[in-house]
Amino acid sequence: MNYGGSFVNKSNGEKPGLGDLMKKAQEMQKKMQEIQKQIADMEIVGQAGGGMVKITMTGQHFAKRVSLDNSLLKEEKAVLEDLIAAAVNDATGKIEKGTREKMSSLTGIKLPDHFDLPPM
């Protein structure tokens, strides 16, 4: 039965056996685990207000640090809340972009912006 694709062993021109396919699947799984660890270990800084608000997040979207310029402490609460939200959104966008880039290195396919990836 033909499923629309053909896999050919480049060394001898024959179709690979189940063992070859399992080996490839295991290699891809190992690479995926390595990429997931790299993503989890990432630290990304999101900024807002010209760098007056900085949020450091991990690749798993956990906030590690919040940095506020002292001059912001005189601002209204709503202004500060908006800047913090903007910095979080900036960091989240950078994490998603980095995740897409790392995943595309595994698949060889450039994933489009806003492509939802499964949680790590």
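Across the stretch 89-96, rounded Karplus estimates of 3J(HN,Hα) from the backbone phi angles (6.51 cos²θ - 1.76 cosθ + 1.60, θ = phi - 60°) give 5, 5, 5, 4, x, 5, 5, 4 Hz, Gly and Pro being marked x. Subtracting the Cα-Cα distance of Leu21 and Thr58 from their residue separation scaled by 0.36 nm leaves 9.9 nm.
How much length would be gained if the chain were fully extended between Ala86 and Val45, taking 0.36 nm per residue of separation minus their Cα-Cα distance, in nm to one decimal? List each step's numbers first, then the result.
Values: separation 41, 0.36 × 41 = 14.76 nm, distance 1.19 nm.
Gain on extension, Ala86 to Val45, equals 13.6 nm.
Per residue, the stretch 40-88 exposes 63 Å² of accessible surface when a 1.4 Å probe is rolled over the protein heavy atoms with every protein chain present.
If you count, for each residue, the other Cβ atoms within 10 Å and average over each peptide, how do 23-31, 76-84 line up from highest to lowest? Walk me through the intermediate numbers first.
Numbers: 23-31: 11.0, 76-84: 13.1.
Top to bottom by mean Cβ count within 10 Å: 76-84, 23-31.
Any of Lys74/Lys94; Lys54/Lys102; Lys24/Lys64; Lys74/Lys102; Lys23/Lys64; Lys74/Lys97 with alpha carbons more than 31 Å apart? Name them for me. Spell out each step's value before the answer.
Details: Lys74/Lys94 29 Å; Lys54/Lys102 24 Å; Lys24/Lys64 37 Å; Lys74/Lys102 41 Å; Lys23/Lys64 38 Å; Lys74/Lys97 34 Å.
Beyond 31 Å: Lys24/Lys64; Lys74/Lys102; Lys23/Lys64; Lys74/Lys97.
The values are calculated or read from the model by the stated rules, or taken from the named source; none is laboratory data. Since this is a predicted model, take the numbers as computed values, not measurements. Positions of Cβ are backbone-derived with ideal geometry, glycine not excepted, and every protein chain shown enters the neighbour counts. Surface areas here come from the heavy atoms of the whole protein model, side chains and all, with no ligands, DNA or RNA. Shrake-Rupley method; radii C 1.70, N 1.55, O 1.52, S 1.80 Å.
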